[in-house]
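Have a look at the structure below, then the notes.
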Amino acid sequence: MPNERILVVEDEQDILELVRYNLARENYKVFCAASGEEAIKIVASEPLDLIVLDLMLPRMDGLEVTRRLKKNPRTQNIFIVMLTAKGSEADIVAGLELGADDYITKPFSPRVLLARIKAVIRR
């Protein structure tokens, strides 16, 4: 039974709820944020194993969130799975080079997302 703690960062409420529901059904402890700033605050107060991170967020985008987390020794080892509509080669390369562990483009299959999260956590 998983006991990993996962933060979902997504500003589209329906997608946030879809991901939250599917993770909770797999017995993950799920936290939710609708902005980059909110994500940074949650990361500062909760020990997390993985973040599912949208790139196109209000005010602070997902790339900036990733930069900040990977620069901080306390948060640099949190796994990051980017889940975004930005699917160009340049976007994917930028996300992975900043430190994302996986990159999934929308639209996505919840089953594939769960499988990829499990694969990242197994590493």
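The values are calculated or read from the model by the stated rules, or taken from the named source; none is laboratory data. Note that the structure is a prediction, hence the values are computed from the model and not measured. Here the Cβ is made from the backbone with ideal geometry for all residues, glycine too, and neighbour counts use every protein chain on show. Surface accessibility is based on the protein's heavy atoms, side chains included, excluding ligands, DNA and RNA. Shrake-Rupley method; radii C 1.70, N 1.55, O 1.52, S 1.80 Å.
Running a GNM on the chain with Cα contacts under 10 Å, which residue among PRO73, PRO47, PRO58 ends up with the highest mean-square fluctuation? Its mean-square fluctuation being the largest, the pick is PRO73.
Put a plus charge on the Cβ of each Lys and Arg, a minus charge on the Cβ of each Asp and Glu, and nothing anywhere else: the dipole of segment 10-49 about its Cα centre is then about 240 debye. What you get for segment 23-95, charging only the Cβ of Lys and Arg (+1) and of Asp and Glu (-1), is a dipole of about 260 debye around the Cα centre. Surface composition of segment 6-47: carbon and sulfur make up 51 percent of the accessible area, probe 1.4 Å.
Taking the Kirkwood radius as Rh and the Cα radius of gyration as Rg, segment 1-118 has a ratio of Rg/Rh equal to 0.92.
Determine the distance separating the Cα centre of segment 4-31 from the Cα centre of segment 41-76; give it in Å without decimals. Answer, in whole Å: 15.
Counting only DSSP H runs of at least 4 residues, each contributing -39500 (n - 2.57), and dividing by the residue count of the chain, the helix-based mean residue ellipticity at 222 nm comes to -14000 deg cm²/dmol.
Around LEU53, what is the net charge, scoring Lys/Arg as +1 and Asp/Glu as -1 over all other residues with Cβ under 10 Å from its Cβ? Residues near LEU53 contribute -3 overall. A simple spin-label model places the labels of VAL93 and ALA24 4.0 nm from each other, with each point 7 Å out along Cα-to-Cβ.
Placing +1 on each Lys and Arg Cβ and -1 on each Asp and Glu Cβ, with no other charges, gives the chain a dipole about its Cα centre of roughly 480 debye. What accessible area per residue comes out for the chain, rounded to a whole number of Å², with a 1.4 Å probe? In whole numbers, the chain has 53 Å² accessible per residue. Note on the chain: lysine pairs with Cα distance below 22 Å, sequence gap of 8 or more or different chains, count 8. Measure off, as a whole percent, the carbon and sulfur share of the 1.4 Å-probe accessible area of segment 74-123, all protein chains present. Answer for segment 74-123 is 51 percent, counting heavy atoms of protein chains only.
Ranked by the mean number of other Cβ atoms within 10 Å of their residues, highest first, the peptides 74-87, 96-109 fall in the order 74-87, 96-109.
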